[in-house]
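A.B. asks: After the structure tokens below, expect a handful of questions from me.
The values are calculated or read from the model by the stated rules, or taken from the named source; none is laboratory data. None of the values given here were measured: they were computed from a predicted structure. Using ideal geometry, Cβ is built from the backbone for each residue, glycine included, and neighbour counts are taken over all protein chains shown. Side chains are part of the model used for accessible areas, which takes the heavy atoms of the whole protein and leaves out ligands, DNA and RNA. Shrake-Rupley method; radii C 1.70, N 1.55, O 1.52, S 1.80 Å.
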Amino acid sequence: MTEEEAIAELTEIKKKITPETFQQVAAERSDCGSYANGGDLGMFGPGEMMKPFEDATRALQVGEISDIVKTDSGVHLIMRYA
């Protein structure tokens, strides 16, 4: 899948996803190894994630879902759990 295709898919997912459906959608569609945990990456501290990912996560309120975030590993939707 190209980056443009991934962005188009995430744009459509973002229109429908809710905090209540995030884990299910991540488990069904995520390319990240975290899909097995419903997209949950667990707790991480400063400097443990790529800067755009970390910055986007820290900008979210608990239960909020990000806009599309681009990193060297791809494009992402992030939901902050804690």
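A.B. asks: Go through the residues of the stretch 12-23 one by one and say whether even a single one is among the aliphatic types (A, V, I, L, M), loosely packed, with under 14 Cβ neighbours inside 10 Å and at pLDDT 95 or above. Reasoning before the result, please.
C.D. replies: Here is the first cut: in the stretch 12-23, the ones among the aliphatic types (A, V, I, L, M) are 13, 17.
Applying the additional criterion that residues be loosely packed, with under 14 Cβ neighbours inside 10 Å yields none.
So far as the stretch 12-23 goes, no, none of its residues is among the aliphatic types (A, V, I, L, M), loosely packed, with under 14 Cβ neighbours inside 10 Å and at pLDDT 95 or above.
A.B. asks: Hey, another quick one. Please list, ordered by first then second residue, the pairs with beta carbon atoms under 8 Å, 6 or more apart or interchain, first in the stretch 41-64 and free of Cβ contacts under 8 Å to residues at least 12 places away in the same chain, second acidic (Asp, Glu) and not in a helix (DSSP H, G or I).
C.D. replies: Pairs found: GLU54/GLU48.
A.B. asks: Just to be sure, is ARG80 among the basic types (Lys, Arg), buried (at least 16 other Cβ atoms within 10 Å of the Cβ) and within 13 Å of the chain's Cα centre (by Cα)? Write out each step before concluding.
C.D. replies: Values: among the basic types (Lys, Arg): yes; buried (at least 16 other Cβ atoms within 10 Å of the Cβ): yes; within 13 Å of the chain's Cα centre (by Cα): yes.
Yes, satisfied.
A.B. asks: Within the stretch 6-29, which residues are more than 20 Å from GLN61 (Cα to Cα), touching a helix residue (DSSP H, G or I) at 6+ places or on another chain (Cβ under 9 Å) and of a type outside the set (A, V, I, L, M)?
C.D. replies: GLU9, GLU28, ARG29
A.B. asks: May I pose another question? Please count how many residues of the stretch 32-72 are part of a loop (DSSP other than H, G, I, E, B), open to solvent by 80 Å² or more (accessible area, probe 1.4 Å) and of a type in the set (S, T, N, Q).
C.D. replies: 1
A.B. asks: I would also like to ask the following. Take the residues in the stretch 24-48 that are modelled with pLDDT under 90 and polar (S, T, N, Q); name whichever of them is farthest from the chain's Cα centre (by Cα).
C.D. replies: ASN37
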